[in-house]
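Asker: Let me give you the structure first, and then I'll get to my questions.
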């Protein structure tokens, strides 16, 4: 199947993403979900604001999915990232990898989120009780 | 929080399990879901039958969660396993680990499913088009 | 004294029941029950050889001595699926 | 020739706009634009130093030469959160 890539201001839909990668040959599904925490580096976070360079992010996500597909023979992958304002407890990113055996799903999912964080042009601003800051690294 | 442990004949509820481990301090959630595949070792699987030694399985799952909690300082864990007859595409096991940072969630979730598979008294019978068999290892 | 044996998975299917009560001598060990069951039903031998022992919900070595009302279960390999 | 620069995250906030069109000489390189922007607005220097370059949606080195209608973006560090 074609990988699913979503960049959206709307809340992410975990069940729809899992359903989209499900297939009778799938034996293991690993989902990673990044969630807005109420604290970071000792600050009380009020909410987050995500900015995205959308055209490039989409291409870059397609590139890292393609790398993961070749490395782990993946067939069923979905990557969704939300942008705009997100409240505490809301999901900013959901990655779903479904494979015949679980080892590949764990490894590929971890690779995808780590590589997404370091190479995809999406930025996070923390708005805390004592000021705001674009978070790096 | 107390870890959530479910052993049930009913379909597993992914969203309820994720909701149960969610908390404002959580930044990363990893979900592993084991799903009934339509094929295994060259056979066409019709359905699976899971048997469980329920009292011991519950204790054993509590033990491995406790090990994982100490090793990765986990707070938010849910483990659910279904038994009885399961059709292709249905989830047999769902493990959810929620942590402040994602590395711990990936490692603990992987540890929990690997250790569950090897130490918890739950058995799987594959009913294939050409016969049935209790699966080992 | 009396002990209870419960059967799961391939044991339950081979033996045709889910549990039985057994009257055994004092100081009987798990390994003695293993031998007794295989003697009684030789078809159990292959699966018994691949199974470990659980006594009162905990894994125990075969040398463990049984006591009144113990619950004994033979645990065939788990872990179907990768 | 004309190029487009788009600003995101801290760049957009410091510069106060999301994009601009710039008329530059032929053979201008990305590194020249970096210098120009910092000269024009010295407050950009710290974030420019930590940023890499994307030209037409791909990461490129600072020595890359620009062409008519190129879209140039400076990419501050991503990866908030572990």
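The values are calculated or read from the model by the stated rules, or taken from the named source; none is laboratory data. Keep in mind the model is a prediction, meaning the values are calculated, not measured. Don't worry about glycine lacking a Cβ; one is built from the backbone with ideal geometry, like all the others, and counts go over all protein chains shown.
Asker: Conditions first: (1) away from chain A (no Cβ under 14 Å); (2) under 28 Å from residue B:132 (Cβ atoms). Residue B:73 passes all but one, so which condition is the exception?
Answerer: Unmet condition: (2).
Asker: Just to confirm my filter: which strands (runs of 3 or more DSSP E) fall fully inside segment D:15-82 and include at least 3 residues that are in contact with a helix residue (DSSP H, G or I) (Cβ under 8 Å, 6 or more places away or on another chain) and touching a residue at least 24 places away in the same chain (Cβ under 8 Å)? Lay out the reasoning, then the answer.
Answerer: On the way: elements: D:19-23, D:52-55, D:58-60, D:71-75.
Hits in segment D:15-82: D:71-75.
Asker: Name, by its number, the condition in (1) closer than 18 Å to residue B:115 by Cα; (2) buried (at least 20 other Cβ atoms within 10 Å of the Cβ); (3) in contact (Cβ under 8 Å) with a residue 60 or more places away in the chain that does not hold for residue B:5.
Answerer: (2)
Asker: Any idea how many residues of segment B:8-58 are within 7 Å of another protein chain (Cβ to nearest Cβ) and free of Cβ contacts under 8 Å to residues at least 24 places away in the same chain?
Answerer: Of the residues in segment B:8-58, 4 are within 7 Å of another protein chain (Cβ to nearest Cβ) and free of Cβ contacts under 8 Å to residues at least 24 places away in the same chain.
Asker: Kindly evaluate residue D:23 against the criterion of being more than 30 Å from residue B:102 (Cα to Cα) and over 13 Å from the mean Cα position of the chain (by Cα).
Answerer: On the way: more than 30 Å from residue B:102 (Cα to Cα): yes; over 13 Å from the mean Cα position of the chain (by Cα): yes.
Considered against the rule, which asks whether it is more than 30 Å from residue B:102 (Cα to Cα) and over 13 Å from the mean Cα position of the chain (by Cα), residue D:23 comes out as yes.
Asker: To continue, here is another question. Among the numbered criteria (1) in contact with a strand residue (DSSP E or B) (Cβ under 7 Å, 6 or more places away or on another chain); (2) within 11 Å of chain A (Cβ to nearest Cβ); (3) surrounded by 16 or more Cβ atoms within 10 Å (Cβ to Cβ); (4) modelled with pLDDT of 95 or more, which one does residue D:80 miss?
Answerer: In the conditions (1) in contact with a strand residue (DSSP E or B) (Cβ under 7 Å, 6 or more places away or on another chain); (2) within 11 Å of chain A (Cβ to nearest Cβ); (3) surrounded by 16 or more Cβ atoms within 10 Å (Cβ to Cβ); (4) modelled with pLDDT of 95 or more, residue D:80 misses (4) alone.
Asker: Another question about this same structure. Which members of segment B:59-70 meet the condition of being under 22 Å from residue C:56 (Cα atoms), touching a strand residue (DSSP E or B) at 6+ places or on another chain (Cβ under 8 Å) and more than 7 Å from every other protein chain (Cβ to nearest Cβ)?
Answerer: Initial filter on segment B:59-70 (under 22 Å from residue C:56 (Cα atoms)): B:59-67.
In the following step, the residues that additionally are touching a strand residue (DSSP E or B) at 6+ places or on another chain (Cβ under 8 Å) were identified as B:59, B:61-62, B:65.
Across segment B:59-70, the qualifying residues are B:61, B:62, B:65.
Asker: Checking residue B:126 against (1) assigned to a strand (DSSP E or B); (2) within 15 Å of the chain's Cα centre (by Cα); (3) closer than 22 Å to residue B:9 by Cβ, which test does it fail?
Answerer: (2)
Asker: Filter segment B:112-124 down to the residues that are buried (at least 19 other Cβ atoms within 10 Å of the Cβ) and either in contact (Cβ under 8 Å) with a residue 60 or more places away in the chain or in contact with a helix residue (DSSP H, G or I) (Cβ under 6 Å, 6 or more places away or on another chain) (or both), then identify the one that is farthest from the other protein chains (Cβ to nearest Cβ). So that I can check it myself, show each step before the final result.
Answerer: Quick first cut of segment B:112-124, residues buried (at least 19 other Cβ atoms within 10 Å of the Cβ) only: B:112-113, B:116-117, B:120-124.
Keeping just the survivors that are either in contact (Cβ under 8 Å) with a residue 60 or more places away in the chain or in contact with a helix residue (DSSP H, G or I) (Cβ under 6 Å, 6 or more places away or on another chain) (or both) gives B:112-113, B:120-124.
Values: B:112: 11, B:113: 6, B:120: 6, B:121: 5, B:122: 6, B:123: 4, B:124: 3 Å.
For segment B:112-124, the residue satisfying everything is B:112.
Asker: Report whether or not residue B:62 is surrounded by 23 or more Cβ atoms within 10 Å (Cβ to Cβ) and within 14 Å of residue B:3 (Cβ to Cβ). Break it down into steps so the answer makes sense when it comes.
Answerer: Working: surrounded by 23 or more Cβ atoms within 10 Å (Cβ to Cβ): no; within 14 Å of residue B:3 (Cβ to Cβ): yes.
Against the criterion (surrounded by 23 or more Cβ atoms within 10 Å (Cβ to Cβ) and within 14 Å of residue B:3 (Cβ to Cβ)), residue B:62 does not qualify.
Asker: Which residues, taken from segment D:33-56, are surrounded by 16 or more Cβ atoms within 10 Å (Cβ to Cβ) and away from chain A (no Cβ under 14 Å)?
Answerer: D:33, D:34, D:37, D:38
Asker: Separate question: So which residues in segment B:67-89 are surrounded by fewer than 16 Cβ atoms within 10 Å (Cβ to Cβ), within 18 Å of residue B:121 (Cα to Cα) and touching a residue at least 40 places away in the same chain (Cβ under 8 Å)?
Answerer: B:67, B:84
Asker: Hey, can you tell me all the residues within segment B:97-111 that are within 16 Å of residue B:66 (Cα to Cα) and buried (at least 20 other Cβ atoms within 10 Å of the Cβ)?
Answerer: Step one: filter segment B:97-111 for residues within 16 Å of residue B:66 (Cα to Cα), giving B:97-99, B:104-105, B:107-111.
Within segment B:97-111, B:97, B:98, B:99, B:104, B:105, B:108, B:109, B:110 qualify.
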